[in-house]
Amino acid sequence: MNRLDAIQIHLEPGLRALMEARGITEEDVCRVLTFAEGERRFYTQKVTDHRLASFTPAKVTYWVEYGLKVDDYEIRSVYSHRMKILEGFNMPSKKEPEEIGWLCAKCDLPLELAAVKLTYLDETFVVDLPACPSCQRVLVSEENAVGKMALAEQMLEDK
Ligand SMILES: [Zn+2]
């Protein structure tokens, strides 16, 4: 993974403490960026032009929201979840369509709500989440990851 060395990241004040609290290292962040930029696997926010990408090296999925600067990446937010997204099983959402505000960079399409399958500790859930209508990749927001998903993970672990 020599390409990790090439990535310069800039952490916003306060982010280091948040990462520590969430058990996420700079190396985790660099891995997400290397994968995202290498494969063009990220979402772009229409208004802020921020990018959001995820990478799952093993059991944990790491998400990084970042801005692109001339020679570095300005990290805006970092979070993770242990629940797995079952890719390729998306169904149409029954909810009212809503403006998501993120585009799939790979397909150049706006994300739309989809009924997405998640799995954790032998339990499967169907949740409405934004996803690309073409490649079906799913976006997990920070709000969902540290909120509902973290709660569900905790409940299953305690069972
Ligand atoms: Zn796509």
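The numbers here are math on the coordinates, done by the rules we state, and not lab data. Because the structure is predicted, anything quoted here is derived from the model rather than measured. Every residue, glycine as well, gets a Cβ built from its backbone with ideal geometry; the counts of neighbours run over all protein chains shown.
In this Cβ point-charge picture (+1 for Lys and Arg, -1 for Asp and Glu), the chain has a dipole of about 360 debye about its Cα centre. For a straight C-alpha distance cut-off of 17 angstrom, the aspartates and glutamates reachable from K106 (same-chain residues fewer than eight places away being disregarded) are E37, E39, D49, E65, E87.
In this label model, K94 and T56 are separated by 2.5 nm, measuring between points 7 Å along each Cα→Cβ vector.
With both labels modelled 7 Å from their Cα along Cα-to-Cβ, the K69 to V47 distance reads 2.3 nm. Calculated on the alpha-carbon coordinates, the convex hull of the chain measures out at 121 cubic angstrom per residue. Taking a Cβ cut-off of under 11 Å around C107, the surrounding Lys, Arg, Asp and Glu residues balance to a net charge of +3, with basic ones at +1 and acidic ones at -1. Charge dipole (Cα centre; +1 on Lys/Arg Cβ, -1 on Asp/Glu Cβ; no other charges) of segment 84-158 amounts to roughly 280 debye.
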